[in-house]
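The structure appears right after this line, and notes come after that.
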Amino acid sequence: MPGNVQSVERAAAILRLLADADEPLALAQIAAALALAKPTAHGILRTLEDVGFVEQDVANGPYRVAGDLFHLGRTDRLDPNELRSKAMNWTDTLAARTGESARVATFHRGRAEVAHHVFRADGGTQVLVTGSVVPLHASALGKVLLAYYPGAARTLLRQDLPALTTRTIIDRVALQRELAGIRDVGWAGSVGEVDPAVAGVAAPIRDRGGYVVAVVGIEGAIERICDDRSRPRTALVTQVTRAGRAISRELGHGRDR
């Protein structure tokens, strides 16, 4: 049997390196990180650029993974109607079990958009937020997308992080630490970062291949969502992460192929 093709291995290593980077990388950085000669790295990068897998803002500038690569094999983003139909039963259950409103969001056209919203069951005044936009850097829903969805993370590279409240994280280094923690534990929290009185918990939704295509979460008053140390209650976190896994199974994740 023939051995591995070295050029393909090197191209894959470059793509992994760029996908994991928090910002575009220069040719010298890529070559040094992978112990490649600059001409070799440059030749591979030019080929990857020609086929649309990497891109540069300016000639001789740093490289990043092209946004279209993350949708390779998809004719379009996840259909919102399909997502709602797959998520409906689980979000209804999530709202009923937690007593809070449940939401599903996706990343679309550079924004985190609410695709489905279930009212909490207490009968109080509520406003349907389906179709609305949530802040990526401050909401629990948005943070999950930032943590797992490379396209979402790139949208904030050249944007300010507005302080929506005194608790909003506006320092990029602190935000990156938060996102790393989210990837470690598998869920995100937001306590008073969008609204001083509101907290949220969210978890990823994955498709058949394990790619994070959406996020599910709850939102409500801080005193209901959090314990006396202003941390999301463990029981609520468990309910949200279970809902995320259940909806992921509806989309084929974890099933035998």
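The values are calculated or read from the model by the stated rules, or taken from the named source; none is laboratory data. Just so it is clear, the model here is predicted, and its values are computed rather than measured. Glycine also receives a Cβ, built like all others from the backbone with ideal geometry; neighbour counts cover every protein chain displayed. Surface areas here come from the heavy atoms of the whole protein model, side chains and all, with no ligands, DNA or RNA. Shrake-Rupley method; radii C 1.70, N 1.55, O 1.52, S 1.80 Å.
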Report summary line: So the FRET efficiency between A12 and T125, C-beta based with R0 = 45 Å and rounded to 0.05, is 0.25
Requested in this report: Label segment 46-193 by shape, choosing from rounded, prolate and oblate, from the square roots a ≥ b ≥ c of the eigenvalues of the Cα gyration tensor; if a/c is under 1.5 it is rounded, and otherwise prolate applies when a/b is larger than b/c, oblate when it is not.
Outcome: oblate
Report summary line: Candidates for volume of the Cα convex hull per residue in Å³ are (1) 135; (2) 154; (3) 114, and the calculated one carries label (2)
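For segment 104-257, rounded, prolate or oblate, judged on the Cα gyration tensor with a ≥ b ≥ c (square roots of eigenvalues), a/c < 1.5 rounded, else prolate if a/b > b/c?
Rounded, because the longest to shortest axis ratio a/c is under 1.5.
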Report task. Keeping all protein chains in place, calculate the accessible area per residue for segment 136-186 (probe 1.4 angstrom), answer in Å². Result -> 48
Query raised in the report: So how far, in whole Å, is the C-alpha centre of segment 1-67 from the one of segment 220-257?
Result: 37
Query raised in the report: Rounded, prolate or oblate: which fits segment 162-251, taking a ≥ b ≥ c as square roots of the Cα gyration tensor eigenvalues, rounded meaning a/c under 1.5, else prolate when a/b beats b/c?
Result: oblate
**Report entry** D50 paired with S85, simple spin-label distance in nm, labels 7 Å along Cα-to-beta-carbon
**Finding:** 4.3
Requested in this report: Among V114, Y148, I170, flag the residue with its Cα farthest along the positive direction of the charge dipole of segment 92-205, charges on Cβ as +1 for Lys/Arg and -1 for Asp/Glu.
Outcome: Y148
